[in-house]
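One structure is given below, encoded as C-alpha cells.
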Amino acid sequence: MSNVAAAGRVARPGARDVDNLLPLALSRPREALARAREVLAGQPDAQDASVAHQAAGIVLREFGDVHAAVREVREALRLSRQTGSSEREADVLATLGVALVYAGHTADGLATFDRALRLSRGVLAARVLERRGIVLTALGRYPAALRDLNQAVAVLRRAGDELWTARSLNARGLVYVAMGLPARADEDFRAAERWFAKTSQVLDASYTVLNRALVAFSSGDLPAALSLLDEAASLVRPLGVPVTAISVDRCAVLLAAGLADDALAEAGAAVREMERIRGRSTKKAELLLMAANCALAAGQPETAIDWANAAHRLSRSHQSAWWKAHAAGALVQARYAAGPATARLLREADRSAVGLELVGSADVARAHLLAGRVALDLGRREDADRHFLAAAQSRRRGPALSRASGWLSEALRAEAAGQTRRMFSACGYGLAVLEEHRFTLGASELRAQATAHGAELAALGQRHAVRMHRPRLLLAWSERWRATALAVPPVRPLADADLNADLAALRDVMKRLDKTRGQDHPAASVRREQVRLEHERKRLEGAVRGRVLRAHGAARPGRAVARVPELLDELGSSQLAEIIAVDGSLYVLLCGAGRVRQFTAGRAADAARAADFSRFALRRLARSRPGDDLASALAVLAAAGPKLQAALLGPAARYLGDKPVVIVPPGKLQTIPWGLLPALRDCVVTVAPSAAAWMRARRVRPPSRRRVILARGPGLVTDGAEVPAVAGFYDDVTMLAGGHATAAKVLQALDGAWLAHIAAHGAYRADSPLFSSLRMHDGPLTVYDFEQLHSAPYRMVLSSCDSAVGVPAGADELLGLVSSLLPLGTAGIIAALVPLNDHATVPVMVGLHRQLRAGRTLAESLSHTRHALSGDPILQATAESLVMLGAA
C-alpha cells in the first residue's frame, strides 16, 4: 500500500487564504485545484503564485499526471526563489523530490531532497524527512526510510504538529509492514488515525484505513482486509483521486483468497486506467508487477511475462533494488510456467533468490521453491535440495499461506530424497495449516477457492498412495482435501439488513429486466431502460457478493475426513465408489463388504468428452416436439453410456452387482448422467461430493413433523402442473403459487421442512455460480438467499433446468445451488443436470412423488421412476437428466 503526503506550508505573518491551499490539496483535491487556478488567474505575487503552483502539482500528482505535476512544482520552485525565503524553497524542493521520483527520475529526486534538507531546520526538516521516507519506501529502501521517519516522528510529536505527525506515523507504519512487523505497523496506523481525527484531511485519513487493510492481510485476516479496502475506496472515490493503490492491494487479497480471475480483472482494469491518466511511474511498476502475478495465477504465463518485463524495466530505471528484485522473481515464475525448464532458467532463478534475500523480502522462500522445482526438473538433485531446504524455513512462521508453502517445499524435498513417510507428514502439516486458514473465512465461495492452495500437497499424497497401491491410504488422502470447504455452512448473515435489502433490490431489478427482455421489438426507450437495469444488476450483484466475502468464519469444522472403518460400517450392504483423478488418469476405490479395492479406470478427458455428448443428447431430447426424429439423439445416448462407464469405472463396474451405490466423483466430473452407465441401470444410485459428506447426510435426522412445501414460480409452460397433482399424496401440505410464491415466503416455508418441491425456471450462472437461481414471483431466489436458512429442508426436489449444475472451484470443490444446501443440513436433493422438457417433467415428478409417498428414499424413488417410464424416450430422457445428491 502507498501513503501519499503533501508538501507543507510554513506560516508567515499576514498569510491570506492562499495558505490553506496546501492542506486542502489532500483533503478536497478538486476544490484545491480550482482555487489554485483562481489564484494564478488573479496576478498573484511570487509567494502566492508559488503556493498555488505547488498545490496544483500535489493534486496533479495524486490524480496520476506526474509529468504535469513536475512542471507545476518546477514553476513553484522558480517563484519561491524570488521570495527570498529559504523555508519556502525547501518546502517546494521536498514536493519536487516526491514528484521526480514518482515520475521515474530517482537520482534527481533524491538529490532534490538533499538540497531541501540543507535549507531546512527543525520542524521543516522533519517534514522534508517525512516525504523522503515515503519515496524511499516506494523504492523499497526500507532501512533508510525508517531512519528518516523515526527522526521525523520524534521532532513533529515534540512540536505538537498534528497533521505532519499523523502523516509520519502513517508512513512509518508502511515500512514496518514491509519489514514484516505488522503489530508495530498497526500501532502506528491507529495512532495516525487519532492524530488525523484532529484535522480535516480526508484523503490523508483514508490512507490509514487502506494501510490497516494491509496489516489485516499480512496477518491472514482476509475478510477484514476486504472490508477495510472497501471502506478506503468509499472514502477516496468521492474525492476523484485514482484508486490504484487500492487496486494493487485488493489484487493481493484476492490472490490469497484463490480468486485469481477476479484479481486479474481488477489488475487489468487498473493497468488500463494507469495508462489513460499517465500515472506515476513508481506506482505503475508496482501495479505491473501485481498484474503479472495475477496473470500467472490465472494460468496466463505469456501475459505474465509481458507485464513482468515491463515492471522490470521501470524498476531498473528507478534504481530500485527492491522492485527490481521482485520483478525479476515474477519474470522467472512466468517463464517457468510457460516452460520448459532450462539451465539458463535455473541460473535466473538462483539470481532471483539471491536478489530477494539481499533486499530482505518475504518472497525469498517462494523464489527458493521455484529454483528447487527447476533444478529438480533438470535432474540436479543437490541444487534442488539446497533450494527446498531454504524455502522450507518458512514452514513454522509467518502467515498461513507462507507456512503452507514451506511445508510443500519440505514435502518436495522429502519426495526427491525418497523419504515417503516424511513426505506424507509434511503434506499433512501443510494441509492442516490451510484448513485453519480456510475456516477463518465466512463465505463458502472463499473457502472453496482457497482449497487451490493445497491442491499440490493433496496431489502429492494421492500420487504416492496410487503408486504404492494402498487403497485405504489413497482413500484417506482423497478425502483429506475433497469437499472440505463445504464441511460447515457459511456464516448466515440474517442480521445484515443491508445485504437483505440488496438482495430484494436485485430481485426487483431482475424482474423488470426480464419484462423488458420479453418484448419482441423494444422501443429505443425500452432499450435504454435495459441498459440502465443491466448496469444496476451488476452493481447490486457486486454489492451482495462483496458483503458476503467480508464475512468472518464463525463455525469450526467437524471431522471432514471419513475414517475407513466408520465408512465401511455405515455402508452396510451398499457400496461406495470414489473416483479419483491423479495426473489425468482416473482411479476407482470400491468400498463395501468390509473392503476397499483399488482399480485403474480411464482418462479424465475421455470421461469429460463422453459426458458432454450425453448432455448434448439429453438437451436435444428435452427440446424435441411431437413428430421430431429422435433416432440420432437416442443413438448418442446409447453410445455414451458404455464410454462413460469405461472411463469412469473401468474394471470396477464388474463388481457393482445390483446393490445400492454411492458415487463420489471429482468436482470436475459431477454433472454425469449416471443412469446411462450399463452397470448402474439396475442400481439405486446416490451421488455425493465426498464420503464424509455422504456420512453427514446419512446422519441428518428428519424433522418430527412431516411438513411438505410445494412451490411453483411464474412463466412455466405447464404452470407447474405437477404441484397440484402431487399435493394429494401428502397430509401436511403448504402450496405457494402466484403472488404467494415470493422469495421471502418460500424461504420462510422451506426452513425446517421435511420435504420441499420447487417447480420454477432455473438459471445457471457459470460466471458467478452463487447467483444461480430459481425464479420466484418477485425475482430470483439465489444461493445467497438459501444460505440464510436456519435449517434447510430435509429433502428437496428441484424440477428446474440445470439446478444440479455447479462450477468447479479450488482443488476439488463445486459451487452452485445444490452445493449450498448440503452443508446446511439437507439430507438429499433431486435436481437436473440439463434443461428439462416441460411437459415430460409433470409425469416424471408425479411418478417420483408416488414412490416417495410409498415410503421409499429419494434415490430409490428416482430409480423406480426411471424403470416405470422406460417405454417412452422423452420421459426416460427426462428421468435420466435427474440426479440424486446426498443420502436420504
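With every protein chain left in place, what is the accessible area per residue of region 302-352 in square angstrom, probe 1.4 Å? Intermediate values should be presented prior to the final figure.
Values: 2310 Å² over 51 residues.
Heavy-atom SASA per residue in region 302-352 reads 45 Å².
Among 633-643, 752-762, what's the highest-first ranking by average C-beta atoms within 10 angstrom per residue? Before the final figure, lay out each step's value.
Numbers: 633-643: 17.5, 752-762: 23.1.
Ranked by mean Cβ neighbours within 10 Å, highest first: 752-762, 633-643.
Per q in 0.16, 0.29 1/Å, what log10 I(q)/I(0) does a Debye calculation on the alpha-carbon atoms of region 493-548 return?
Debye output, listed in q order: -0.52, -1.09.
What percent of all Cα-Cα pairs in region 272-360 falls in each 5 Å bin, counting up from 0?
Histogram of Cα-Cα distances, whole percents per bin: 3, 17, 24, 24, 20, 8, 4, 1, 0.
Can you give me the relative contact order of region 788-828 as a percent, contacts being Cα pairs under 8 Å and 6 or more apart? Intermediate results must be reported in sequence, preceding the final value.
Values: 39 pairs, mean separation 21.0, N = 41.
Result for region 788-828 is 51 percent.
Evaluate 2.2 N^0.38 Å with N set to the residue count of region 356-395, then give the Cα radius of gyration divided by it. If you can, show how the numbers build up before the last one.
On the way: Rg = 9.9 Å, N = 40, 2.2 N^0.38 = 8.9 Å.
Normalised Rg, Cα atoms only: 1.11.
Sort out for me the Cα centre separation of region 661-712 from region 359-406, rounded to whole Å.
Centre-to-centre (Cα) distance: 42 Å.
Regarding the chain, what are the three Cα extents along the principal axes, ordered largest first, in Å?
Projected onto the principal axes, the Cα atoms of the chain cover 101, 70, 49 Å.
Dividing the convex hull volume of the Cα atoms of region 407-476 by its residue count, what figure in Å³ per residue is obtained?
On the way: hull volume 5.5 nm³, N = 70.
Spelled out: Cα convex hull of region 407-476, divided by residues, is 79 Å³.
Whenever you get a sec, line up 87, 435, 479 from highest to lowest accessible area (probe 1.4 Å, protein heavy atoms). Could the numbers behind the result be given before it?
Details: 87 90, 435 45, 479 0 Å².
Descending accessible area places them as 87, 435, 479.
Give me the three principal axis extents of region 536-681 from the C-alpha atoms, as integers in angstrom, largest value leading.
Cα extents, longest axis first: 50, 50, 30 Å.
Relative contact order for region 626-747 using alpha-carbon pairs under 8 Å, separation at least 6, rounded to a whole percent? Walk me through the intermediate numbers first.
Numbers: 96 pairs, mean separation 23.4, N = 122.
Answer for region 626-747 is 19 percent.
If you scale each eigenvalue of the Cα gyration tensor by 5 and take the root, what three semi-axes come out for region 106-202, rounded to whole angstrom and sorted largest first? Mind dumping the intermediate values first?
Values: eigenvalues 85, 62, 21 Å².
The three semi-axes for region 106-202 are 21, 18, 10 Å.
Along the Cα-to-Cβ line of residue 731, 7 Å from the Cα, sits a label point; which residues in region 850-865 have backbone N less than 20 Å from it?
Label zone hits: 850-857.
With a point put 7 Å past each Cα toward its Cβ, work out how far residue 417 is from residue 344 in nm, to one decimal.
3.4 nm
Let me have the relative contact order for the chain, percent, based on Cα pairs under 8 Å that are six or more residues apart. All intermediate terms of the calculation are to be shown ahead of the outcome.
Details: 1749 pairs, mean separation 67.1, N = 888.
Once normalised by length, the contact order is 8 percent.
Apply the Kirkwood formula to region 38-134: the hydrodynamic radius equals the inverse of the mean of 1/r over all pairs of different alpha-carbon atoms; give it in Å with one decimal.
Details: mean 1/r = 0.0766 Å⁻¹.
One over the average 1/r among Cα pairs gives 13.1 Å for region 38-134.
Order the peptides 158-170, 371-383 from the highest to the lowest mean number of other Cβ atoms within 10 Å of their residues.
Taking the mean over residues of other Cβ atoms within 10 Å, the ranking is 158-170, 371-383.
Ignoring ligands, DNA and RNA, what percent of the 1.4 Å accessible area of region 319-373 is carbon and sulfur?
Numbers: 1330 of 2380 Å².
Carbon with sulfur: 56 percent of the solvent-accessible area.
Tell me, how many Å apart are the Cα centres for region 151-215 and for region 803-867?
56 Å
Would you mind putting 441-449, 137-145 in packing order, based on average other-beta-carbon counts within 10 Å, highest first? Don't skip to the end; give the middle numbers.
On the way: 441-449: 26.6, 137-145: 20.9.
Descending mean neighbour count gives 441-449, 137-145.
How big is D, in µm² s⁻¹, for region 656-719 by Stokes-Einstein at 20 °C and 1.002 mPa s if Rh is the Kirkwood radius over C-alpha pairs?
Estimated via Stokes-Einstein, D reaches 143 µm²/s.
Dimensions of region 733-888 along principal axes (Cα, Å, largest first)?
For region 733-888, the Cα spread along each principal axis is 40, 38, 27 Å.
Counting only DSSP beta bridges with both residues in the chain, what percent are antiparallel, rounded to the nearest 5? Before the final figure, lay out each step's value.
On the way: 30 of 54 bridges.
Expressed as a percentage, antiparallel bridges in the chain total about 55.
Would you list which lysines come within 19 Å of residue 745, measuring only between C-alpha atoms, while excluding same-chain residues fewer than 8 positions from it?
Correct list for residue 745: 511.
If you find the alpha carbon centre of region 248-303 and of region 596-648, how far apart are they in angstrom?
Cα centroid to Cα centroid, the span is 41 Å.
With no solvent and one point on each alpha carbon, what is the Debye value of log10 I(q)/I(0) for region 337-416 at q = 0.12, 0.22 Å⁻¹?
-0.29, -0.95
Counting heavy atoms of the protein chains only and a 1.4 Å probe, report the per residue accessible area for region 592-746 as a whole number of Å².
Working: 7140 Å² over 155 residues.
Averaged over the residues of region 592-746, the accessible area is 46 Å².
Compare the Cα positions of 461, 442, 416 along the charge dipole of region 391-531 (+1 at Cβ of Lys, Arg; -1 at Cβ of Asp, Glu; about the Cα centre) and return the one farthest towards the positive end.
416
Using +1 at the C-beta of Lys and Arg and -1 at the C-beta of Asp and Glu, which of 24, 63, 79 has the Cα lying farthest in the positive direction of the dipole of region 16-124?
79
Report, to the nearest 10°, how far helix 321-338 tilts away from the longest principal axis of the Cα atoms in the chain, using its own Cα long axis and a range of 0 to 90°.
Long axis of 321-338 versus the principal axis of the chain: about 30 degrees.
For region 129-258, what number results from the quotient of the Cα radius of gyration and 2.2 N^0.38 Å? Write out the running numbers ahead of the final one.
Details: Rg = 14.1 Å, N = 130, 2.2 N^0.38 = 14.0 Å.
Output field value: 1.01.
Once a ≥ b ≥ c are taken as the square roots of the eigenvalues of the Cα gyration tensor of region 818-877, is the result rounded (a/c under 1.5), prolate (a/b larger than b/c) or oblate (a/b not larger than b/c)? Walk me through the intermediate numbers first.
Numbers: a/c = 2.49, a/b = 1.41, b/c = 1.77.
The shape class here is oblate.
Mind pulling the angle between the C-alpha long axis of helix 106-118 and the longest principal axis of the chain? Nearest 10 degrees, somewhere in 0 to 90.
Compared with the principal axis, the helix lies near 50 degrees.
To the nearest 20 debye, what charge dipole does the chain have about its Cα centre, counting +1 at the Cβ of each Lys and Arg and -1 at the Cβ of each Asp and Glu?
Numbers: 113 positive and 88 negative charges, 258 e Å.
Magnitude of the dipole: close to 1240 debye.
Debye calculation, C-alpha points only, no solvent: report log10 I(q)/I(0) for region 34-78 at q = 0.24, 0.25, 0.27, 0.34 Å⁻¹, in the same order as the q values.
Once normalised to I(0) and log-transformed, intensities are -0.73, -0.79, -0.88, -1.16.
How much net charge surrounds residue 741 when only other residues with a Cβ under 12 Å from its Cβ are counted (Lys, Arg +1; Asp, Glu -1)?
Working: positive: 712, 745, 775; negative: 719, 778.
The answer is +1.
With +1 assigned to the C-beta of every Lys and Arg and -1 to the C-beta of every Asp and Glu, and no other charges, what is the dipole magnitude of region 375-447 about the Cα centre in debye, to the nearest 20?
Details: 12 positive and 9 negative charges, 47 e Å.
Dipole about the Cα centre, nearest 20: 220 debye.
What aspartates and glutamates could a cross-link reach from residue 643, if we take a straight Cα to Cα line under 17 Å and drop same-chain neighbours fewer than 8 places away?
Filter leaves 606, 612, 880.
Per the 1.4 Å probe, what fraction of the accessible area of region 709-825, in percent, lies on carbon and sulfur atoms?
Roughly 53 percent of what the probe reaches on region 709-825 is carbon or sulfur.
Could you work out how far helix 142-159 tilts from the main Cα principal axis of the chain, as a 0 to 90 degree angle to the nearest 10?
60 degrees
Given the pairs 198/283; 283/538; 515/538, which span a C-alpha to C-alpha distance of over 23 angstrom in this model? It would help to have the intermediate numbers written out before the result.
On the way: 198/283 29 Å; 283/538 29 Å; 515/538 17 Å.
Too far apart for the 23 Å limit: 198/283; 283/538.
With the Cα gyration tensor of region 206-334 in hand, give its eigenvalues times 5 under a square root as the equivalent ellipsoid semi-axes, listed largest first in whole angstrom. Could you put the intermediate results ahead of the total?
Details: eigenvalues 102, 58, 37 Å².
After scaling each eigenvalue by five and taking roots: 23, 17, 14 Å.
State the answer as a single residue: which of 54, 365, 781 lies farthest towards the positive end of the charge dipole of the chain, with beta carbon charges of +1 for Lys and Arg and -1 for Asp and Glu, about the Cα centre.
The one lying farthest along the dipole's positive direction is 365.
The values are calculated or read from the model by the stated rules, or taken from the named source; none is laboratory data. This structure is a prediction, so every number in the text was calculated from the model and none was measured. Heads up, the Cβs are rebuilt from the backbone with ideal geometry, glycines too, and the neighbour counts pull from every protein chain shown. When the accessible area is computed, the model is the full protein with side chains, heavy atoms only, and any ligands, DNA or RNA have been set aside. Shrake-Rupley method; radii C 1.70, N 1.55, O 1.52, S 1.80 Å.
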